[in-house]
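K.L.:
I have a structure I would like to understand better, so I am pasting it below and will then ask my questions one at a time.
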Amino acid sequence: MSTVATLKELWNFLKVRKKWWLLPIIITLLVLGLLVLFVESSAVAPFIYTLF
């Protein structure tokens, strides 16, 4: 299953089931995941780790 198909299926689930309260949770998890990916491969890592 491709990433696009997964996102489409997730969107349809949210739309049909009216689970709009899940959207902020999903967005937050995606942003944190992207932050982890960015931090582990950059020179900014020591500065980000001091925030947590």
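The values are calculated or read from the model by the stated rules, or taken from the named source; none is laboratory data. Computed from a prediction, not measured in an experiment: that's the story for all the values here. In this analysis, Cβ positions are derived from the backbone assuming ideal geometry, glycine residues included, and neighbour counts consider all displayed protein chains. The area values use the complete protein model at the heavy-atom level, side chains included, leaving out ligands, DNA and RNA. Shrake-Rupley method; radii C 1.70, N 1.55, O 1.52, S 1.80 Å.
K.L.:
What nm distance separates the two modelled labels at ILE26 and SER41, each placed 7 Å from Cα along Cα→Cβ?
P.N.:
2.5 nm
K.L.:
Something else about it: Could you bin all the Cα-Cα distances of the chain into 5 Å bins starting at 0 and give me the percent of pairs in each, rounded to whole numbers?
P.N.:
The calculated distribution, bin by bin, is 4, 17, 17, 19, 14, 9, 11, 7, 1.
K.L.:
Using a probe radius of 1.4 Å on heavy atoms only, what accessible surface per residue do you get for the chain? Whole Å² is fine.
P.N.:
Values: 4710 Å² over 52 residues.
Per residue, the chain has an accessible area of 91 Å².
K.L.:
Picking from VAL31, VAL16, VAL39, which is most flexible by a Gaussian network model of the chain using Cα springs under 10 Å?
P.N.:
Sorting by GNM fluctuation, first place goes to VAL16.
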